[in-house]
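Only one structure is covered here, and it is reproduced in the block below.
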Amino acid sequence: MRKVACIGAGMTLFRRRLQETPKEMCWEAARMALDQAGLEIGDVDAVVFGSAPDAFDGIHMKGENVLDACGGIGRPYVRVFTGGGTGVFSPIAAYWHVASGLFDCVLVVNEEKMSSCQPHPQSVFGHIWDPILDRPLKPNLVWIFAMEMNRYMTVHNVRYEDVAAVAVKNKRNAVGHPCAQLADPHITVEDVMNSEVMAWPVHRLDISPPSDGASALVVCSEEFARTHRIESPVWFAGVGWNIDTTFWTDRDLYFPEYLANAAKIAYKQARITDPRRQIDFAEPYDPFDYKELHHMEGLGLCKKGEAPRLTREGVTQRDGDLPTCPSGGLLGVGNPIAATMGIKVGELYLQLSGQAGQRQIPHEVRTGVTNAWGDLMQFSSVVVMRA
Amino acid sequence: MTAKEVRWPGKELTAKEFYNKVTVTRYRPEAKFAWSAGEAMSRFLAELQRGRLIARSCSSCKRVLFPPRMFCEECFRPTDAWVYVRDTGTIETYSISYIDLDAKRIETPVYVGVVSVDGASPKMGIMHYFGEVAPETIRIGLRVKAEWKPAHEREGSVLDIRYWRPLRRGE
Ligand SMILES: [Zn+2]
């Protein structure tokens, strides 16, 4: 397989409501990524588009709706979908487009517009449940996270304040992100713990917000990067993905086995045998604060049940030994589902090329890992990148 | 994103602007569905109406699969037989929910969670409500039993079980 680089990134503001249509948001992000790479649409061989359920936008087959804004017309164009895992999965699709030798330069555009769904996008989440087993119980999606969080906390005897500390860290980290929706330099663990209980143990501030937003990346071959004199390409070192059963009541929710499986594939390719030592920083998927901890363990960045202690000891702070979510994450920057690519793979690219500005990790970082999580809460996509 | 970039695209709208000022086009989809329950679930629902829980067994991996299914996803072969499981089990996890389907706040919280069912393979169970519990008494590991609706009120639905409640002495 050929070496593959990320050479440009763009994103819109993440906000509760944006005036721009999905199309307009896609175009803004795509144009910005091309500008950053110093390219024009004519340099692009193929386009990958990523977005989560159509029902949020209310436009079925929305890949077609945004086609022109993504530069897809007259090119090989494909939409990929792995639910909430799409944010890290569409860059993986772009990776294999280039690694295979089929294309030299691929534009990836991800978009989500959740404000269109009335009165609240939560109503649409109701449609993902099994119609016979689950829907008669009138479930809210937060239930499943609450059940997973409770199981995780009970099995490892985790204190809630150590979970809340993740929300505090990420919302504070987001202060350095110009697109952030919920940055808060003054938030405390007490604020999170005293916020409204939605579905115990999940409190309001444990949850990332629904957002509108788009992001884009430019991905290319080694030769393309050289001939176009790209200054600081960042390399895909390993990719992986994996999925568990949709009978979610048949598996133990305390550990994300599917993520450990996905990471194993990515680490093998990246020749990583000791993730804690060989990886310098991480962007674990954090739609909920406990998920960052869950994902650190699934990624093998620490032992099972150890992530809360690392958080408590400051190891995961931006200036710590293993910074996690230096971007501010979904909790701080926002959660336009697939568009979180901009703060996951996008943040790896910016940190590893030294372009993260105010958010730059103060010590040298050479290897980063990120994951996203989705489908029926049993899928993960993993990307390892190197400077 | 970088020092080179000066403009971050996107124009934020307040709720007031969104609903009153900006031009918004509205649409309400009218999509209705009727699902065939399928081979495994049709029997499962019929048994619920009779006040029983049923699973399928796989003679290859020896698992008792609950909820039932007509093929074993691990062995990738048809399952072999119908097996009744008990209406008792263990709370694997739970939540106390203060929000409804649409994230609207509710006054009386709902106890909901996963019960692994006795007689099925380990950890196999269903999501359901819990009753006759309080925040102080519900816990992971609690032994519970299905509280069925009276026979004439059952209609072949998971709601034929009202909720799962703590086991009583002698049960
Ligand atoms: Zn089997």
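The values are calculated or read from the model by the stated rules, or taken from the named source; none is laboratory data. Remember, predicted model here, so these are calculated numbers, not experimental data. Here Cβ is always computed from backbone atoms with ideal geometry, including for glycine, and neighbour counts include all displayed protein chains. For the accessible areas, the whole protein counts, side chains as well, though only heavy atoms, and no ligand, DNA or RNA atoms are used. Shrake-Rupley method; radii C 1.70, N 1.55, O 1.52, S 1.80 Å.
Once the 1.4 Å probe is applied to the protein heavy atoms, the range A:225-321 comes out at 43 Å² accessible per residue. Largest GNM mean-square fluctuation among A:ILE187, A:ILE343, A:ILE128, using chain A with Cα springs under 10 Å: A:ILE128.
Only Cα pairs within less than 10 Å get springs; with that Gaussian network setup on chain A, which residue of A:GLY332, A:GLY38, A:GLY87 has the largest fluctuation? Residue with maximal mean-square fluctuation among A:GLY332, A:GLY38, A:GLY87: A:GLY38.
Taking Cα centre as origin and charging only the Cβ of basic (Lys, Arg, +1) and acidic (Asp, Glu, -1) residues, the dipole magnitude of the range A:174-241 rounds to 280 debye. Ligands, DNA and RNA aside, A:TRP96 has an accessible area near 100 Å² when probed at 1.4 Å.
For the protein assembly as shown, a crude dipole built from +1 on the beta carbon of Lys and Arg and -1 on the beta carbon of Asp and Glu, taken about the Cα centre, is about 780 debye to the nearest 20. Left without a cysteine partner by the 4.7 Å Cβ rule in chain B: B:CYS61. Taking Cα atoms only, the orientation of helix B:38-49 departs from the longest principal axis of chain B by about 70 degrees. DSSP bridge analysis restricted to the range B:39-166 gives an antiparallel fraction near 95%, rounded to the nearest 5. For the range B:39-166, the Cα gyration tensor yields ellipsoid semi-axes of 28, 17, 14 Å (square root of five times each eigenvalue, largest first, whole Å). Ranking A:SER327, B:TYR129, A:GLY8 by how far each Cα lies toward the positive end of the dipole of the protein assembly as shown (charges on Cβ) leaves B:TYR129 at the top.
Considering only Cα-Cα distances, which of the following residue pairs are longer than 21 Å: A:LYS113/B:LYS21; A:LYS264/A:LYS303; A:LYS171/A:LYS344; A:LYS264/B:LYS123; A:LYS268/A:LYS303? From the list (A:LYS113/B:LYS21; A:LYS264/A:LYS303; A:LYS171/A:LYS344; A:LYS264/B:LYS123; A:LYS268/A:LYS303), the Cα-Cα distance tops 21 Å for A:LYS264/B:LYS123. Rounded to the nearest 500, what is the 222 nm mean residue ellipticity of chain A from helices alone, with -39500 (n - 2.57) per DSSP H run of 4+ residues and division by all residues? Helices in chain A give a 222 nm mean residue ellipticity of -9000 deg cm²/dmol.
Within chain A, the longest run free of GluC sites (Glu not before Pro) that sit in a DSSP loop with at most 12 other Cβ atoms within 10 Å is A:41-195. Take the Cα of B:TRP82, step 7 Å toward its Cβ, do the same at B:LYS123, and the gap between the two points is 2.9 nm. Heavy-atom accessible surface of A:CYS70, to the nearest 10 Å², is about 0 Å², with a 1.4 Å probe and all protein chains retained. For the range B:86-116, heavy-atom accessible area (probe 1.4 Å) falls by no less than 40 Å² from the chain alone to the full protein assembly at B:THR93, B:TYR94, B:SER95, B:TYR98, B:ILE99, B:LEU101, B:ASP102, B:ARG105, B:VAL114. Computed on the Cα trace of the range A:69-161, the radius of gyration divided by the Kirkwood hydrodynamic radius gives Rg/Rh = 1.12. Over the range A:316-369, the ratio between the Cα radius of gyration and 2.2 N^0.38 Å evaluates to 1.06. Here is the interface size for B with A: some 4900 Å² of accessible area buried, both sides summed, with a 1.4 Å probe.
Charged side chains reduced to their Cβ positions (Lys and Arg at +1, Asp and Glu at -1) give the range B:39-166 a dipole of some 360 debye around its Cα centre. Let me see the P(r) profile for the protein assembly as shown: every Cα-Cα distance counted, bins of 20 Å, each bin given as a percent of all pairs. Pair shares across the bins are 22, 53, 24, 2.
Taking the centroid of alpha carbons for each part, the range A:335-387 and the range A:235-276 are 16 Å apart.
Per residue, how much accessible area does the range B:39-166 show when a 1.4 Å probe rolls over the protein heavy atoms, in square angstrom?
45 Å²
Between the residues B:GLY10, B:ALA34, B:CYS58, the greatest Cα displacement towards the positive end of the dipole of the range B:1-87, with unit charges on the Cβ of Lys, Arg, Asp and Glu, is found for B:GLY10.
Rounded to whole Å, give me the distance from the Cα center of the range A:111-146 to that of the range B:88-110. When both Cα centres are located, 14 Å separates them.
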